[in-house]
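**Q** Once you've had a glance at the structure underneath, I'll fire off some questions.
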Amino acid sequence: MKIRVTKIALLRILIIVLVLLIAALLAAILMRNSTAAPKPTPTSAPTVNPFTTAPPTEVPTAVPTPAATPTPAPTADYAARRAEILLVNLYHRLADDYLPGDLVTVVNYITADSIRSRSGDTMIDRTTAAAANRMFEAAARDGVYGFVLTTAYRPKEFQQTLYSAEDRPVNDQGYYMVVPPFASEHRTGLAFDITNEEMVNKPDSLLDAFGQSGQGRWLAEHCWEYGFIIRYPVGKEEITRISYEPWHLRYVGVEHAMAIRASGECLEEYLGEVEPA
Ligand SMILES: [Zn+2]
C-alpha cells in the first residue's frame, strides 16, 4: 500500500514536472518571439509623381573593358596590287629574254594634236598608247601643246647601248641616271619619256627643268587621271635608287595611279616592295 501511494505520488510529480517543462518551453518560445526584432511595417511604395521630373538615373559606371588590343592599320592588299602592276627596278629584274606582249607604233596610236613622236618607228604598249592619247587630247583641250615623245619601248640591246655609253650611270648621290637593261621599264613598253619642243633639240633633251615647264606641270597635275604616274618622283630617290625624272611616265591604270597620287607613295612603296637601305 505504502509503495503504491509512493508510486502515485511519483506519477503526480512526473506529471507536474512535465507540465512545468512544457510551460517553461512555451514561455521560452514566447519570450524569444517577443525579443525578436520587430518586423518592419511595410512602408508604402513611394508613389511616383508623374508631374515631377524623374530623378536623374545613376549613370552606370563603365564596365572596365580589357586592355584594348591595338587595331592594326588596314594593310594594303599588296598581293593584289603586285598581280596587276609589273614592278621593274634594280631589285626586280626583267628576265634576260623578256619581251613585251602587245606593241604598236606610237605615231599610229598617239595622234593627239598636242604631241608628236621624235622618231617614226618608236613602239609602245597598245593599252598605254590609248591612255596616252586620251591624256594628250585632254592637254590640247586645256590649251597645252608642244609635247614631244622621245622614246617609249626600248629593246634590251638599245638599253644596253645607252647604259654602256654612260661613263658614270650613277650620280654623286648614288642614284642611277641610266639603268641596265634588266631594270629598265622601257623594255616593257609601259613607259615613255616626254619632253617639249623647247628642250627636244638640246644636247640633253630630258631635263629636270621639264618639270617646271608648262607641259611638265600639266602632266604632273593630270597624268594620274589617265592612268600614269611620275615613276621617279623627287624625294623618293632613296627608295627608287633613280634620280628625279619628271619626264618618265609609267602606265599603271587609272585606279592605281589615282591611289598612288593620293597616298604620296612611289611605286615601290605602293607595292610594299621597299628594299632595306
Ligand atoms: Zn624613261
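**Q** For F158, put the label point 7 Å out on the Cα→Cβ axis and report which residues of region 85-105 keep their amide N under 20 Å from it.
**A** Only 88-89, 94-105 fall inside the zone, counting backbone N under 20 Å.
**Q** Whole-Hz ³J(HN,Hα) for each residue in region 265-277, computed from phi via Karplus 6.51 cos²θ - 1.76 cosθ + 1.60 with θ = phi - 60°, x for glycine and proline: what do you get?
**A** With coefficients 6.51, -1.76 and 1.60, one gets 8, 8, 4, 4, 5, 4, 9, x, 10, 7, 6, x, 5 Hz.
**Q** Show the residues, 5+ positions off or on another chain, whose built amide H is closer than 5 Å to the amide H of N196.
**A** Close amide H contacts, sequence-distant or interchain: V148.
**Q** Sticking with this structure for a sec: For the ranges 192-202, 82-92, 226-236, what's the packing order if you count other beta-carbon atoms within 10 Å of each residue, average per peptide, and put the highest first?
**A** Listed from highest to lowest mean packing, they are 226-236, 192-202, 82-92.
**Q** Here's something else I'd like to know. Hey, rough spin-label estimate for L90 and D172, points 7 angstrom out along Cα→Cβ, what's it come to in nanometres?
**A** 1.8 nm
**Q** Next up: S263 label point, 7 Å along Cα→Cβ, cut-off 14 Å on backbone N: hits in region 179-199?
**A** Backbone N within reach: none found.
**Q** State, to one decimal in nm, how far the label point of R118 lies from the label point of A165, with both points 7 Å from Cα in the Cβ direction.
**A** 0.9 nm
Bear in mind that the values in this text are calculations on the coordinates, not laboratory data. No experiment lies behind these values; they were computed from the predicted model shown. Backbone-built Cβ (ideal geometry, glycine too); neighbour counts: all protein chains shown.
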